[in-house]
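Right, one structure below, let's go through it.
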Amino acid sequence: MSLAQEFGELRVLIVEDDRASRILTAAFLEQLGIGQIKEAADGESALRVLRAYPADVIICDMMMEPMDGVTFVRRVRTDAQSSNPYVPIILVTAQADRAAVRAARDAGVNLLMAKPITLEALRRRIEVVLNERREFILNQTYVGPDRRRQDVPIGRRPNRRRD
């Protein structure tokens, strides 16, 4: 299946409280040939949309009111009423400092994307979450994609703490 065909069949949900950012993201997705695009202005309405809309990818802003993106991701991943806790989630943020990256990772996002977004960067992120799927982890302290990025056997991992 070609990338255009793959994108044409995708259902994407945009969760963004800023109307201009939502419009820009939707325009980029349309340029990429995304088949179906739904929008939600906040986390609560997005959770309602997800009950009836089987999104293949979610693109969510991190800084929203009243529910921020990290809380939204945790709800998608852990809420008993979540329709698809395994859906790939790209979290978009203007605040890509270490604490934000760690919070997003620990909430269970697939990828973090720094603003301002571009068409090419968005295309690449969507390709990654579709084509480089990672094992999903479900335990008491974490629900989400495996946070390890390398396929290195456990006995051969570098000892980063030695330095």
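The values are calculated or read from the model by the stated rules, or taken from the named source; none is laboratory data. Just so we're clear, the structure is a prediction, and the values are computed from it rather than from any experiment. Cβ placement follows ideal geometry from the backbone for every residue including glycine, while neighbour counts extend to all protein chains displayed. Areas reflect the complete protein model, heavy atoms only, side chains present, ligands, DNA and RNA absent. Shrake-Rupley method; radii C 1.70, N 1.55, O 1.52, S 1.80 Å.
The helix-based estimate of mean residue ellipticity at 222 nm for the chain, built from -39,500 (n - 2.57) per DSSP H run of four or more residues and divided by its residue count, is -11500 deg cm²/dmol to the nearest 500.
Dipole magnitude for the range 73-138: about 100 debye, using +1 per Lys or Arg Cβ and -1 per Asp or Glu Cβ, origin at the Cα centre. Treating the angle as unsigned and between 0 and 90°, give the value, to the nearest 10°, between the Cα long axis of helix 19-31 and the longest Cα principal axis of the chain. So the inclination is approximately 90 degrees.
Note on Cα extents along the principal axes in Å: of the candidates (i) 48, 38, 29; (ii) 52, 38, 32; (iii) 55, 29, 26, the value calculated from this structure sits at (i). What the phi angles of the range 111-121 give under the Karplus curve with 6.51, -1.76 and 1.60, with θ = phi - 60°, is a coupling list of 9, 10, 10, 7, 7, x, 7, 10, 4, 5, 5 Hz, glycine and proline written as x. Close amide H contacts of Val143 (hydrogens built in the peptide plane, cut-off under 5 Å, sequence separation of 5 or more or a different chain): none are found. Put a plus charge on the Cβ of each Lys and Arg, a minus charge on the Cβ of each Asp and Glu, and nothing anywhere else: the dipole of the chain about its Cα centre is then about 880 debye.
Between Ser83 and Phe136, the modelled labels are 1.5 nm apart [label points 7 Å from Cα along Cα→Cβ].
When peptides 94-107, 55-68 are ranked by their average number of other Cβ atoms within 10 Å per residue, the highest-first order is 55-68, 94-107. Report P(r) for the range 64-144: all Cα-Cα distances, bin width 5 Å, range 0 to the bin holding the largest distance, values in whole percent. Answer for the range 64-144: a P(r) of 3, 14, 25, 25, 21, 10, 2, 0 percent. In the context of the full set of protein chains, the chain has a per residue accessible area of 58 Å² (1.4 Å probe). Set Lys and Arg Cβ to +1 and Asp and Glu Cβ to -1, take the dipole of the chain about its Cα centre, and tell me which of Asn139, Ile14, Leu111 lies farthest positive. Going by the charge dipole, the pick is Asn139.
Each peptide in 7-19, 119-131 gets a packing score, the mean of other Cβ atoms within 10 Å over its residues, and the list from highest to lowest is 7-19, 119-131.
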